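Engineer: A single structure is presented below for examination.
The values are calculated or read from the model by the stated rules, or taken from the named source; none is laboratory data. Just so it is clear, the model here is predicted, and its values are computed rather than measured. Heads up, the Cβs are rebuilt from the backbone with ideal geometry, glycines too, and the neighbour counts pull from every protein chain shown.
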């Protein structure tokens, strides 16, 4: 009567009839007033029949509720639900908040469902269809497992084809090339990959391996040559051609450990050219270099003839380990100083060697007008010890150097020894 047009009510639940909605149609008189109003109730029973058929065919839940949350119809229809108010239920409240949409939540029976809902046109009611979430997930899982099984089967087929078809064409050649690369990596540069039959696709790689092996062999030889030159520069004295101080210290360390294992003595001679600065000042550095080279030759050539043992005494087995090694080791220790390492030599044997070296240099009769005797001479400090706790290679050098200092103090051109007692007390 207000709109003077056709009107449709919302759903209501009556006392006698179930959920019903009313339709009204006014009839206007000639003067425009309403003279007749036709009204008819529409029972919701038809909805139950349609919803029941839908629920049975799909296994879903179909329900309708009004704008206040009152349940108008539900299929399947449990006893006591239709007509009740569920405005506080989270699912009903969520669907009333929007005209249409999808919502996942707990249904009126406590089962989680996925609801699709829409507003009934012209009313505030909502029509909703809910599908069991667990069933949806089970179906999705079945589909996923089916897809995965198909993918796995296809993967197995592809891998089998690669394995059986590619073993001969690709895997075997690659293994052969890998073995050759490993041999090259281990230093076998003589291997040649091009000597074997290859598929055309692998020929460039085989040629590249051969080129790499050749280049590595060339680089290795260059490296050996360079290392030899560096070793010579590091351990050889450039002026005299004999070992330098670095080489002497390394050799002394090794011989000290060996002497300690065999409980054998080891001796060191420290040699100094007397008044060498005066020699350089008078004759020049070139003559001085010649003098040092001649003295180094004498020191190197005057090796022992087994002074380490008394006459008539056979060498013990432990001494043979010394005899099998190189004889005395001579090095330029720095400036006009030289050092001689005597393996297995006691103090007496070392003193004999030192005296022979002094006499050999004196016999050269190299003119030295600034020296008291008129020719070049040397002074030698001698020390010998059996390595044990309380002494060291450094203390052995210090004792020999102290002997050299004493020889200079006594007038030079002489040999001064230090006993083991003196070595133990050296600082």
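Engineer: Looking at region 254-273, which of its residues are over 17 Å from residue 390 (Cβ atoms) and not in a helix (DSSP H, G or I)?
Structural biologist: Those that are over 17 Å from residue 390 (Cβ atoms) and not in a helix (DSSP H, G or I): 264, 267, 268, 269, 270, 271, 272, 273.
Engineer: Among the listed residues 276, 248, which satisfies the condition of being under 26 Å from residue 394 (Cβ atoms), over 42 Å from the mean Cα position of the chain (by Cα), modelled with pLDDT of 90 or more and surrounded by 15 or more Cβ atoms within 10 Å (Cβ to Cβ)?
Structural biologist: 276
Engineer: Examine region 10-26 for a residue that is more than 20 Å from residue 124 (Cα to Cα), surrounded by 14 or more Cβ atoms within 10 Å (Cβ to Cβ) and modelled with pLDDT of 75 or more, and state whether such a residue exists.
Structural biologist: Yes, region 10-26 has at least one match.
Engineer: Could you list, in sequence order, the residues of region 333-357 that are crowded, with 20+ Cβ neighbours inside 10 Å and farther than 22 Å from residue 255 by Cβ?
Structural biologist: Residue satisfying the conditions is 336 alone.
Engineer: Only one of these is in contact (Cβ under 8 Å) with a residue 40 or more places away in the chain, surrounded by fewer than 16 Cβ atoms within 10 Å (Cβ to Cβ) and either within 22 Å of residue 20 (Cα to Cα) or touching a strand residue (DSSP E or B) at 6+ places or on another chain (Cβ under 9 Å) (or both): 130, 122. Name it.
Structural biologist: So the residue among 130, 122 that is in contact (Cβ under 8 Å) with a residue 40 or more places away in the chain, surrounded by fewer than 16 Cβ atoms within 10 Å (Cβ to Cβ) and either within 22 Å of residue 20 (Cα to Cα) or touching a strand residue (DSSP E or B) at 6+ places or on another chain (Cβ under 9 Å) (or both) is 122.
Engineer: How about region 55-82: which of its residues are surrounded by fewer than 17 Cβ atoms within 10 Å (Cβ to Cβ) and at pLDDT 75 or above?
Structural biologist: The answer is 67, 68, 76, 81.
Engineer: With the requirement that a residue be loosely packed, with under 13 Cβ neighbours inside 10 Å, touching a strand residue (DSSP E or B) at 6+ places or on another chain (Cβ under 9 Å) and not in a strand (DSSP E or B), what does region 100-110 give you?
Structural biologist: 109, the sole residue that qualifies.
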